[in-house]
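Accompanying notes for the structure given below.
The values are calculated or read from the model by the stated rules, or taken from the named source; none is laboratory data. Computed from a predicted model, the values in this text were never measured in an experiment. Here the Cβ is made from the backbone with ideal geometry for all residues, glycine too, and neighbour counts use every protein chain on show.
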Amino acid sequence: MLEEAAVVRQLASQGQDDLVGMLRLGVIYTIGPYLLPHLIPRLHRRAPKMPLQIEENYTALLSERLKAGDLDVLILSLPFDEPGVATQAVYEEPFVVLMPLGHPLEAATQVDAATLARQDLLLLGPGHCFRDQVLRFCPECNRLSVTSDNMQRTLEGSSLETIRLMVTTGVGITVLPYTSVSGYAYPSDLLSIRPFEAPAPTRVVALAWRKSFPRQRVIALLAEAIRACPLGEAVRLLE
């Protein structure tokens, strides 16, 4: 209540303009590097008096900071169900398979879960919701890593970009969200991308904010600016 009262006082001092004053934005690690470079210029053009304080983190930690009033809005992937928090889906993106050039999977036009489970798969460490989403799509990836010579490598503390570089060296393959490869200039002698067989795994990217957050124009602006970003042709915008 005290935090919300402070925001209301801030808005009053700014002439009741939601788009004036600092916005504290939290973004999960697997979205921030690919969305923010496009989003920030668009936000600045639409709201030049709204500076951004940005924090990248895991979903669980961002959630706690949102509920504590340390952050105003989050950009994350669904599902996200917290008491007192509202969400708005903005876009849905498929997952794709990234492999080194010359890998046997290059012969396939699409990849299915059974084929993925037989590969040396590089995954983010525990705490990343993207890791959990991949394993929900292909639970065999987790089981086979324990029961066979197929070694699933869990890379704690790593980023998608670090895993991408490891793939170029031939250590294994990985699964990435589409926006992390859309428009990416791959050297032709290093990497290759394949889509999943339908129905492909996807994730829904959404905004989340406390229901008591008074700056509702900010939410509408964020959603509009994200949808205006060049996310790639395989992304489905959600209204």
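Structure values in brief
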| read-out | value |
| --- | --- |
| Glu106 assigned by TED's automatic domain parsing to the domain that holds Leu61, touching a residue at least 24 places away in the same chain (Cβ under 8 Å) and on the phi < 0 side of the Ramachandran plot | no |
| Residue list for region 39-72, restricted to those being of a type in the set (Asp, Glu) and in contact (Cβ under 8 Å) with a residue 12 or more places away in the chain | Glu55, Glu56, Asp70, Asp72 |
| Matching option when the condition is aliphatic (A, V, I, L, M), more than 30 Å from Asp17 (Cβ to Cβ) and at pLDDT 95 or above, among Val235, Val167 | Val235 |
| Selection count where residues are among the small types (Gly, Ala, Ser) and either exposed (fewer than 15 other Cβ atoms within 10 Å of the Cβ) or outside the structural domain of Ile163 (by TED's automatic domain parsing) (or both), scope region 114-130 | 2 |
| Residue in region 184-195 that is under 21 Å from Ala108 (Cβ atoms), modelled with pLDDT of 90 or more, under 20 Å from the mean Cα position of the chain (by Cα) and not hydrophobic (A, V, I, L, M, F, W, C) present | yes |
| Members of region 203-239 that are within 17 Å of Pro94 (Cα to Cα), in a loop (DSSP other than H, G, I, E, B) and of a type outside the set (Val, Ile, Thr) | Cys229, Pro230, Leu231, Gly232, Glu233, Ala234, Leu238 |
| Strands (runs of 3 or more DSSP E) lying entirely in region 19-127 (those with 3 or more residues that are within 21 Å of Ala208 (Cβ to Cβ) and modelled with pLDDT of 95 or more) | 23-28, 52-57, 73-77, 85-100 |
| Where Leu231 falls short, out of the listed (1) over 15 Å from the mean Cα position of the chain (by Cα); (2) assigned by TED's automatic domain parsing to the domain that holds Leu78; (3) touching a residue at least 60 places away in the same chain (Cβ under 8 Å) | (1) |
| Gln16 vs. criteria assigned to a loop (DSSP other than H, G, I, E, B) and modelled with pLDDT under 95 | yes |
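Results for (1) crowded, with 20+ Cβ neighbours inside 10 Å; (2) closer than 17 Å to Thr179 by Cα; (3) in the same structural domain as Leu190 (by TED's automatic domain parsing), shown as yes or no for each residue.
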residue	(1), (2), (3)
Gly26	yes, no, no
Pro37	no, yes, no
Arg42	no, no, no
Tyr58	no, no, no
Ser63	no, no, no
Asp70	no, no, no
Phe80	no, no, no
Gly102	no, no, yes
Asp132	no, no, yes
